[in-house]
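This report concerns only the one structure given below.
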Amino acid sequence: MNAPATSPPARTRRGSAVPPGLWRVPFLVPGALALLLGLDAGLLLLDAPALPLGSRLPDVHGFLLVLGFVGTLIALERAVALRHRAGYAAPALLGTGGLLLVPTATGSLGQLLLVAGSAALGLVLVALWQRQRDEAVTVQALGSVLALGASILWLREVPVPRLLPWLAGFVVLTIAGERLELARIELARSGPVVLGAFGLCGAAVASLLWPEAGQALFGLVLAGLVVWLAGHDVARRTVHDTGLPRFAAACLLAGYVWLAAAALLWLLGSPVLDGATYDAVVHCVFLGFTLSMIMAHAPVILPAVLRVRLPYRSALWAPAVLLHGSLLLRVAVGDLRGWEPARQLGGALNVAAVLLLVAVLARSATMAGRRAG
């Protein structure tokens, strides 16, 4: 990962200073709120007990989480890597846009801000590419193109299920680029990933024009990409280590398994536009893969972004095990075998796993801060 930007700490007295990354927290807050709103929307879609926070919430569930939450995190990390304050427009626009999706009166404005935020993220990545000429950044930039395309098409009232390959491609290519960047030694020959990234973008476009053939092609390209990534990732070795390397590797490998499952469902069940298969694919990609990758990278990336200590604690295994166990219940028993109680219980436990992850990370940072003080 690129070295984070630093600002001189504001000293208040001898030996004390404001944490240099504290000023970035406001850019993270809208993303965190989008996460909580998205989780509530998920509970509403499951007909589970939830807070009545707006009639539009279930309708914006996908974009709220993918661009409002995940997009904000990605944009903030890339802005830190850019080391230029203009880069922070991207997380600000995506986070604010996500929140404005919820009220009916500001929904269209929220969509426009997501378009602007996706475009701003693309510009940040172009600037990073001009600095480095890095294939990892090329892959991420292609992902941002899919995010921008998805947000524009949604603004033009294209149904969200038709845009699933675009949103999935955004997170897959972003994370693939991150793996190339963080594991550069192991993934030295990155040409196949770049080729796969272009193929995934082409398949996403094809899925919009010819849903059945295009989605099957998307599944095929995705399968090839995940097989290459999993086969070359350093996680295959570090899973035999201890502590954080082992935890991160386990999350990475589990994420690849879920992404392979989604690719297979796309390949065999195309077009995936509704019903149980749609639910399974969505949550294989965005919970099984994306959230698992966030778990793997959080102890490394959050300290770099916020400049806080976040030491590894074995308690991190609890949300990881809960996430994958509950997702297996939801997908394998609830979706694929058609047992609705399993889908509802698995979905509720998915939400619990996310909240538990937030609690464990917050507790770890708090305890580390007290010890440092």
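The values are calculated or read from the model by the stated rules, or taken from the named source; none is laboratory data. Owing to the predicted nature of the structure, the values given are computational and were not obtained by experimental measurement. Using ideal geometry, Cβ is built from the backbone for each residue, glycine included, and neighbour counts are taken over all protein chains shown.
In the stretch 217-232, what residues are crowded, with 21+ Cβ neighbours inside 10 Å and either of a type in the set (A, V, I, L, M) or touching an Asp or Glu at 6+ places or on another chain (Cβ under 7 Å) (or both)?
Applying the first criterion (crowded, with 21+ Cβ neighbours inside 10 Å) to the stretch 217-232 yields 217-219, 221-222, 225-226, 229.
Residues satisfying the conditions are LEU217, VAL221, LEU222, LEU225, VAL226, LEU229.
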Within the stretch 262-272, of all residues that are crowded, with 20+ Cβ neighbours inside 10 Å and assigned to a helix (DSSP H, G or I), the one nearest to the chain's Cα centre (by Cα) is ALA262
When the stretch 296-322 is checked residue by residue, the ones that are buried (at least 18 other Cβ atoms within 10 Å of the Cβ) and among the β-branched types (Val, Ile, Thr) are ILE301, VAL305, VAL308
Filter result for LEU253 (assigned to a helix (DSSP H, G or I), without any contact (Cβ under 8 Å) to a residue 24 or more places away in the chain and within 20 Å of the chain's Cα centre (by Cα)): yes
Q) Is one or more of the residues making up the stretch 164-181 more than 19 Å from the chain's Cα centre (by Cα), basic (Lys, Arg) and not assigned by TED's automatic domain parsing to the domain that holds PHE69? A) no
Note: among LEU46, LEU100, LEU53, LEU112, just one is surrounded by fewer than 23 Cβ atoms within 10 Å (Cβ to Cβ), more than 27 Å from PRO303 (Cα to Cα) and at pLDDT below 90, namely LEU53
Across (1) in contact (Cβ under 8 Å) with a residue 40 or more places away in the chain; (2) assigned to a helix (DSSP H, G or I); (3) over 24 Å from ILE74 (Cβ atoms), GLY338 clears everything bar (2)
Of ARG343, ARG330, ARG363, ARG309, the only residue that is among the charged types (D, E, K, R), at pLDDT below 95 and not in a loop (DSSP other than H, G, I, E, B) is ARG363
Practice item. State whether one or more residues within the stretch 273-285 are buried (at least 22 other Cβ atoms within 10 Å of the Cβ), in the same structural domain as LEU163 (by TED's automatic domain parsing) and within 26 Å of ALA365 (Cβ to Cβ). Key: no
